[in-house]
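Nothing in this text is a laboratory measurement; each read-out follows from the coordinates by a stated rule. These figures come from a predicted structure and were not determined experimentally. Neighbour counts are summed over all protein chains in view; Cβ atoms, including those assigned to glycine, are modelled from backbone coordinates with ideal geometry.
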Amino acid sequence: MSNQHITPRSDGKWQVKGAGNGRATSVHDTQKDAINAGRDIARNQKSELVIHGKNGKICQKDSYGNDPYPPKG
């Protein structure tokens, strides 16, 4: 169970990459396509989806697993 990161590539495409993996799980033309693919993987693995912007900085996180801090209510 590794977190899935959506990151930009130097060729202008976007990749889904599991944390600690050397290679991308999949490569996509758009960030949206990469997010959709990464979300499916994160749901299946009950892990976290970490979305990076074009600058490489994290801009969003979505948890699909056992969230240690679930919201109350």
* the chain: calculated mean residue ellipticity at 222 nm from DSSP helix runs of at least 4, using -39500 (n - 2.57) -> -6500 deg cm²/dmol
* Structure fact -> Each label sits 7 Å from Cα toward the beta-carbon; between residue 29 and residue 2 the label points are separated, in nm, by 2.8
* To do: Specify the angular offset, from 0 to 90 degrees and rounded to the nearest 10, of the alpha carbon long axis of helix 31-45 from the longest principal axis of the alpha carbons in the chain.
  => 40
* Computed FRET value (nearest 0.05) for residue 62 with residue 10, which takes r as the C-beta separation and R₀ as 25 Å -> 0.50
* Residue-wise HN-Hα coupling along segment 9-20, computed from phi with Karplus coefficients 6.51, -1.76, 1.60 (Hz; x: Gly, Pro) -> 10, 5, 8, x, 8, 10, 10, 9, 9, x, 4, x
* Asked: Longest span of the chain, sites excluded, free of trypsin sites (Lys or Arg not before Pro) in DSSP loop with at most 10 other C-beta atoms within 10 Å?
  -> 24-56
* **Residue-count net charge about residue 3 - beta-carbon cut-off 9 Å; Lys, Arg +1, Asp, Glu -1** => 0
* Among all lysine pairs in the chain that are eight or more places apart or on different chains, how many have alpha carbons less than 17 angstrom apart? -> 12
